[in-house]
1. What does the convex hull of the alpha-carbon atoms of region 63-141 project to on average, in nm²?
2. Run the dipole for region 1-41 about the Cα centre, Lys and Arg Cβ at +1, Asp and Glu Cβ at -1, nothing else charged, and hand back the magnitude in debye, nearest 20.
3. Assign unit charges at the C-beta atoms only (+1 for Lys and Arg, -1 for Asp and Glu), then state the dipole size of region 5-141 relative to its Cα centre in Debye, rounded to the nearest 20.
4. Using only alpha carbon pairs under 8 Å that are at least six residues apart, calculate the relative contact order of the chain and give it in whole percent.
5. Considering all projection directions equally, how large on average is the shadow of the alpha-carbon convex hull of region 1-57, in square nanometres?
6. Under the Kirkwood approximation applied to all pairs of distinct alpha-carbon atoms, what is the hydrodynamic radius of the chain in Å?
Amino acid sequence: MALSRTEREQFLAEPHIAALSVDAGSDRAPLTVPIWYDYSPGGEVWIMTGRESRKAGLIASAGRFSLMIDRVEPTIRYVSVEGPVVSVVPATREQLHSISARYLPADKVDGYVDAAWKNHGEQVVIRMRPARWVSSDLGQV
């Protein structure tokens, strides 16, 4: 059963690991990789990645990307969202802290942020406006 707008937006707003997909060119399948993301219902999705990363380059070329998240308990549910990139800006340490706190235990965030800020190179925040949604709750396993 398809999810309502409220259900799919709330599900996307939960801290799941997404599968990001972006066109990788005519002779390649799409690049699909796991990624942290952030979203508030009604807003834009944002991700953070290395400025020189392959995914950043492919997203810049394609001008759009998709995210798919799923779960298997308490029911099998998924949401896929696709849309255009609306901005790419240098990431801030505060944004790295925010997205890290979404996924990591509170006592691990500061150490992770310190190491990532020092070792991951220049990062960018890429914002996408959700334009197309596919969602379903397939019921209990």
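Every number here is computed from the coordinates shown, using simple stated rules; none is lab data. In this text, all values refer to a predicted model and were calculated from it rather than measured experimentally. Methodologically, a virtual Cβ is constructed for each residue, glycine included, from the backbone with ideal geometry; neighbour enumeration extends over all protein chains shown.
1. The orientation-averaged projected area of the Cα hull of region 63-141 comes to 6.8 nm².
2. For this selection, approximately 60 debye.
3. 300 debye
4. That works out to 31 percent.
5. Numbers: hull surface 20.8 nm².
For region 1-57, the mean projected area of the Cα convex hull comes to 5.2 nm².
6. On the way: mean 1/r = 0.0631 Å⁻¹.
Value: 15.8 Å, from the Cα pair sum.
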